[in-house]
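One structure below.
Each value in this text was obtained by applying a stated rule to the coordinates, not by laboratory testing. Keep in mind that what you see is a predicted model, and the values were worked out from it rather than measured. We place every Cβ from the backbone using ideal geometry, glycine too, and count neighbours over all the protein chains shown.
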Amino acid sequence: MMGPRPESLRLHTRSTSAIRPPRPPFGLPGWSPDGAAVAVLLDASGADLEDLAAVAEQIPAAAALPAGTQVVVLGTAAATGGLWRRLLGRRGEPVARPVRCSALVARGYVDVGGGREGSSDLAWGRAPGP
């Protein structure tokens with residue numbers, strides 16, 4: 001299954017930590033505040049990223065977005081950490097693709113799938129409608 005190929009992405013995250021946002025997938029040059037598609041960066045602080053409900057609550061409900069909006073959930077959640085985390089090159093916590101895909105279904109998305117795009121592990125869906 002081929003994933004979405006949006007021309008622009010806006011970043012949605014619940015994370016309040018002062019983290020540097022990851023690079024956008026699909027070879028896009030940067031994040032666009034008015035992008036038609038949405039990329040979700042999950043927040044690992046205080047969340048059990050193996051718990052479907054904890055992951056789903058961080059994804060906007062499909063009904064809250066315009067019909068047909070593409071949503072991509074990034075495979076690494078934002079995590080704060082000390083000097084050791086940065087020195088070891090760990091910038092986030094991995095989130096299993098099946099959990100992310102199931103969370104998209106739970107939030108009302110259709111055409112849900114997942115795969116790799118370059119070095120990014122992605123889960124995607126589309127808000128119901130045209």
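Of all residues in the range 14-28, none satisfies being among the aromatic types (Phe, Trp, Tyr) and without any contact (Cβ under 8 Å) to a residue 60 or more places away in the chain.
Check 96, 103, 127 and return the single one that is among the small types (Gly, Ala, Ser), within 13 Å of the chain's Cα centre (by Cα) and buried (at least 19 other Cβ atoms within 10 Å of the Cβ).
103
Within the range 58-73, residues that are under 18 Å from residue 113 (Cβ atoms) sit with their Cβ atoms under 6 Å from residues that are surrounded by fewer than 16 Cβ atoms within 10 Å (Cβ to Cβ), at 6+ positions apart or across chains, in these pairs: 68/129; 68/130.
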